Amino acid sequence: MGRQGRSYRYVGPAGPKAAVKPGGGARISSAADFDDWVTGRSAGELAEPFTYVVAADGVMRLAPRRSEHVACAEAEPVLGAGEIGFTRETGRWSVSDISNQSTGYCPDVTSWSAVSQALDRVGIDRPSRFTHEVVFRRCPACEEHNIVREGDFVCVFCDSDLPEAWNVDPE
């Protein structure tokens, strides 16, 4: 666990990771980077969320929504991952919605710290937390990954109890 928080390795299926090519998501390390990137997006693209990761160096990477997080991150560990939507009001861009929804990395909700720091460095207005939090757990009994819904910490595959603490990556 580094200064910016826990690092998450890819824990999803092998196929998407095997298909990763160099040149993942667009690196957004400054307001100018974001301005250049966002002006190249169509109205249709801006109407739906984008895939994002926060790389190990704390820099956000953005890609089209249907991109795999592992491709956006070039298969590297991340500090955060999910989906993000933007809106423009009074001449400024801001985050309209953001989640940690990435079934490839399964980041804990505590990844918000690294995500918020990456957005702050770029100067994009943001909410005070994820607008949609996803709670991921690995079942100790059957080892399947689960999304905990409505605070019900029970495995959907084998009905075993799931731990309260994040445990998706066994290493």
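The values are calculated or read from the model by the stated rules, or taken from the named source; none is laboratory data. In this text, all values refer to a predicted model and were calculated from it rather than measured experimentally. Cβ coordinates were reconstructed from backbone atoms using ideal geometry, including for glycine residues, and neighbour counts include every protein chain displayed. Side chains included, ligands, DNA and RNA excluded: accessible areas come from the protein's heavy atoms. Shrake-Rupley method; radii C 1.70, N 1.55, O 1.52, S 1.80 Å.
Take peptides 91-103, 35-47, 108-120 and line them up by average Cβ neighbours within 10 Å, highest first, as a rough protection proxy.
108-120, 91-103, 35-47
Residue separation times 0.36 nm, minus the C-alpha to C-alpha distance between ALA31 and ALA19: what's the value?
Taking ALA31 through ALA19 to full extension adds about 1.3 nm, to one decimal.
Within the accessible area of region 82-139, what % is carbon and sulfur when the probe is 1.4 Å and the other protein chains stay in place?
42
Helix 112-122 against the longest principal axis of the chain: what's the angle in degrees, Cα atoms only, rounded to the nearest 10?
It is inclined by approximately 10 degrees.
Per residue of the chain, what 222 nm ellipticity follows from adding -39500 (n - 2.57) for every DSSP H run with n ≥ 4, rounded to the nearest 500?
-4500 deg cm²/dmol
How large is Rg over Rh for the chain, taking Rg from the Cα atoms and Rh as the Kirkwood inverse mean of 1/r across Cα pairs?
So for the chain, dividing Rg by the Kirkwood Rh gives 0.98.
Work out the charge dipole of the chain with +1 on the Cβ of Lys and Arg and -1 on the Cβ of Asp and Glu about the Cα centre, then indicate which of CYS142, ALA18, ILE124 is farthest towards its positive end.
ILE124
Can you tell which of ARG61, ARG88, ARG129 shows the greatest fluctuation in a Gaussian network model of the chain with Cα springs below 10 Å?
The residue with the greatest mean-square fluctuation here is ARG88.
Work out the charge dipole of the chain with +1 on the Cβ of Lys and Arg and -1 on the Cβ of Asp and Glu about the Cα centre, then indicate which of SER94, ILE28, GLY80 is farthest towards its positive end.
Going by the charge dipole, the pick is ILE28.
Antiparallel DSSP bridges in the chain: what percent, to the nearest 5?
Roughly 95 percent of the beta bridges in the chain run antiparallel, per DSSP.
Taking the solvent-accessible surface of protein heavy atoms with a 1.4 Å probe, what is the per residue accessible area of the chain in Å²? Could you put the intermediate results ahead of the total?
Details: 8890 Å² over 171 residues.
Result: 52 Å² of accessible area for each residue.
Would you mind telling me the share, in percent, of accessible area of region 1-47 contributed by carbon and sulfur at probe 1.4 angstrom?
54
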